[in-house]
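Asks: Quick one: this structure, given as structure tokens, is what I'll be asking you about.
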Amino acid sequence: MLVKLTVLPGDGIGPEVTEQAVRVLKSVAEGFGHHLELQNKLIGGAALNAAGDPLPADTIKTCLASSAVLLGAVGSPAFDKNPGHLRPEAGLLRLRRELGAYANLRPAVFFPALEDSSPLRAEIVRGTDILIVRELLGGAYFGEPRGISEVAGTGRVAINTMKYSETEIERIARVAFELALKRKGKVLSVDKANVLECSRLWREVVTRAGKGYPSVKLAHQYVDSAAMLLVQRPAEFDVLLTENMFGDILSDQAGGVVGSLGLLASASIGGPVGLYEPVHGSAPDIAGKDIANPMGAILSAAMLLRHSLQLEAEAACIENAVTSVLNEGARTADLASKGKPAISTREMGDRVVKAVKAAAPAAMKS
């Protein structure tokens, strides 16, 4: 199979972790007889520095002509004083919209080898396997009107608009229900229906959509209560469905529950081209130090194979390699126990590549 991928290394630790994910993808492609065609393009702060635009037209064009897009991270404090449309994050929001990627999938899986990394007791976190399904193109992040303006007598006033249509809610709900059919058959829809009109419509539409999936058990939870339960009983969650901002927050919390944000992958799908990126962000404070955890980027590559290319065996090969490496005791700085040695970003990539090569078909070894 010919696989055309656009790689957007981005900012901060993005280039470091993306490099390891690409190395793993190349190993899988070699082992399974696929041909990778890779193009690197600019986004975020790197694009602002080079072209004065966080998402150049050439980047959009190349992404839309690809089988899938692999992104490292965007964000840099150097642009904090820029107007909103000239911040690195604006490029990411525009890219999601250009790709039509309305469904964000964020798995939070507990690895038994990392019992010491979770802040929770082992008996609480053990067995956690959550898939957060986050609506990605609506809500307060995209709603209009928005902005900061001067109002006589009160000083500056900031406005953000949380807005959802029935169509937007129904399409993301169906994604969650379809995924639940392949898992434990449970969907927990998270909202704030006791306060927000958006959430009242959300709950109504999700309930209606759920009637088309009688084998899936649907429940509703307020977001504040869900945040508490995510810490108290994380192993009871299956598919967690929620709107844009709530999903952004809860997925980071889920990363803390399972041990590190560095482990979390994501897929943004729904449009013609899927976008895959680790959840952790650009982490500029550790950029260039070769200490970042590349597992989120590597596992995002596995999601790319599964969701955009329907290559299940190849995706599982990467996931099994990650599990094997963690079982062997390999730890980057974010996962290492106090006093225990940590390995570099590059070495973690080396070990996953080695594990992939050991597990891939004979085609790699001939």
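Asks: In region 228-261, what count of residues is obtained for those that are surrounded by fewer than 20 Cβ atoms within 10 Å (Cβ to Cβ), farther than 22 Å from residue 114 by Cβ and touching a helix residue (DSSP H, G or I) at 6+ places or on another chain (Cβ under 7 Å)?
Replies: Residues meeting the conditions: 1.
Asks: Within region 283-302, which residues are assigned to a loop (DSSP other than H, G, I, E, B) and within 14 Å of residue 265 (Cα to Cα)?
Replies: Initial filter on region 283-302 (assigned to a loop (DSSP other than H, G, I, E, B)): 283, 287-294.
Passing the criteria: 293, 294.
Asks: Sticking with this one: Keeping to region 209-227, report how many residues are charged (D, E, K, R) and surrounded by 14 or more Cβ atoms within 10 Å (Cβ to Cβ).
Replies: Of the residues in region 209-227, 1 are charged (D, E, K, R) and surrounded by 14 or more Cβ atoms within 10 Å (Cβ to Cβ).
Asks: Output the strands (runs of 3 or more DSSP E) that fall wholly within region 126-195 and possess 3 or more residues being touching a helix residue (DSSP H, G or I) at 6+ places or on another chain (Cβ under 8 Å), or say none.
Replies: 129-135, 186-191
Asks: Could you check, for region 186-200, whether at least one of its residues is under 17 Å from residue 270 (Cβ atoms), buried (at least 16 other Cβ atoms within 10 Å of the Cβ) and in contact (Cβ under 8 Å) with a residue 24 or more places away in the chain?
Replies: The answer is no, given that none of the residues of region 186-200 is under 17 Å from residue 270 (Cβ atoms), buried (at least 16 other Cβ atoms within 10 Å of the Cβ) and in contact (Cβ under 8 Å) with a residue 24 or more places away in the chain.
Asks: Within region 235-248, identify whether any single residue is modelled with pLDDT under 95 and either closer than 16 Å to residue 139 by Cβ or in contact with a Lys or Arg (Cβ under 6 Å, 6 or more places away or on another chain) (or both), and answer yes or no.
Replies: Yes, that holds for at least one residue.
Asks: Is there a residue in region 108-117 that is assigned to a strand (DSSP E or B) and closer than 24 Å to residue 226 by Cα?
Replies: Among the residues of region 108-117, at least one is assigned to a strand (DSSP E or B) and closer than 24 Å to residue 226 by Cα, which makes the answer yes.
Asks: Here is a follow-up. For region 34-83, enumerate the residues that are under 19 Å from residue 147 (Cβ atoms) and either touching a strand residue (DSSP E or B) at 6+ places or on another chain (Cβ under 6 Å) or without any contact (Cβ under 8 Å) to a residue 40 or more places away in the chain (or both).
Replies: Going through region 34-83, the residues under 19 Å from residue 147 (Cβ atoms) turn out to be 54, 79-83.
Passing the criteria: 79, 80, 81, 82, 83.
Asks: Assigned by TED's automatic domain parsing to the domain that holds residue 31 and assigned to a helix (DSSP H, G or I): does that describe residue 313?
Replies: yes
Asks: Do we have residue 210 as farther than 18 Å from residue 130 by Cβ, in the same structural domain as residue 67 (by TED's automatic domain parsing) and touching a residue at least 24 places away in the same chain (Cβ under 8 Å) here?
Replies: no
Asks: Does region 29-45 hold any residues that are within 24 Å of residue 283 (Cα to Cα) and part of a helix (DSSP H, G or I), and which are they?
Replies: 44, 45
Asks: Considering region 5-28 alone, what residues qualify as being charged (D, E, K, R) and either part of a strand (DSSP E or B) or out of contact with any Ser or Thr (no Cβ under 7 Å at 6 or more places or on another chain) (or both)?
Replies: 19, 23, 26
Asks: Further, regarding this structure: Out of the residues in region 323-341 that are free of Cβ contacts under 8 Å to residues at least 40 places away in the same chain and of a type in the set (A, V, I, L, M, F, W, C), which is surrounded by the fewest Cβ atoms within 10 Å (Cβ to Cβ)?
Replies: Within region 323-341, the match that is surrounded by the fewest Cβ atoms within 10 Å (Cβ to Cβ) is 336.
The values are calculated or read from the model by the stated rules, or taken from the named source; none is laboratory data. Note that the coordinates shown come from a computational prediction; the quantities given were computed from them, not determined experimentally. All Cβ positions, glycine included, derive from the backbone under ideal geometry; neighbour counts span all protein chains shown.
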